[in-house]
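Below is one structure, written out as structure tokens; the observations come after it.
None of the figures in this text is laboratory data; all of them are computed from the coordinates on show. Everything numeric here is computed off the predicted structure, so don't read it as measured data. Counting neighbours? That spans all protein chains shown, and the Cβs are built from the backbone with ideal geometry, glycine included.
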Amino acid sequence: IDDDYGAASAKAVFALTDPQAPKAHPLYGPPEMPLTLPRRGGKANAAKTTKDLTDHVWAGGNIKLSLVATDGAGHTATSETKTLVMPERPFSNPLARAVVEQRRTLALDARAKDRVLDLMDAITLRPEDTFDNMAHYLAIMSARTRLKMADSDDQFRDEVAYLWEIALGIEEGNLSAAEKRLRQAQQALQDAMHGGRTQQQRLLAAAQMQDAIGEDVAAFEIAGELDLVDGNEGGVGLARHRFHRADRVFRARRLDL
């Protein structure tokens, strides 16, 4: 950077190469990346800025990048625009990659909610064939329920963040602790249901189950078990059927090891 007034600030400006649909409702704007300025009075007029953008929803997409500098007098200068692919975090697990793609689809257009729900349904249709870990199945079912109930941008953004956590957990194998908590809470709920306990004690066990899974899918599952909602509300019956079917398969696999 070389300017008579001295550079006051500089930043990288990103834009998507491919135009979005006219009525698209993106949940995020471009990443923000202020640039480090050369030290005043130094011999070099250059500086280097490094920032990890691999968790941004644009990662892996084609982008346009330009640099904009502003001097002390308020004048701006823009560099030549470069077209490139924004670096992304590599995922080797196919299920994790699918979750990341669902995250990206939703983040780029909140109107794609129904399409993402359909993708989740396809993944969880036969959990015994798709999942090697019960916790992964529960996490995606949890995300599905959250997304179905979401009706604001903030809730959609929470879902995008949650899908990223799920993808990382699947890729790095960090969901085993959640599975253990689920087993403990599931046993507590079964004891409460069949041990002649009071409704208050049942609800307490249900709350522990919900906390173990961590999200609203547990609330629907528990509500169905306690006859607090109709069996068809929110797909409770289907979710319960898939849950127990997958659970039997996973238990059988463990016995075969």
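Checked against a 29 Å cut-off, the cross-linked pairs K11/K113; K23/K148; K23/K64; K51/K82; K64/K113 give Cα-Cα distances beyond that limit for K11/K113.
Residues I166, I123, ranked from the fewest to the most other C-beta atoms within 10 Å, line up as I123, I166. Fewest neighbouring Cβ atoms within 10 Å first, the residues M33, M134, M149 line up as M149, M33, M134. Rounded to the nearest 20, the size of the Cβ-charge dipole of the range 101-160 about its Cα centre is 80 debye, with Lys and Arg at +1 and Asp and Glu at -1.
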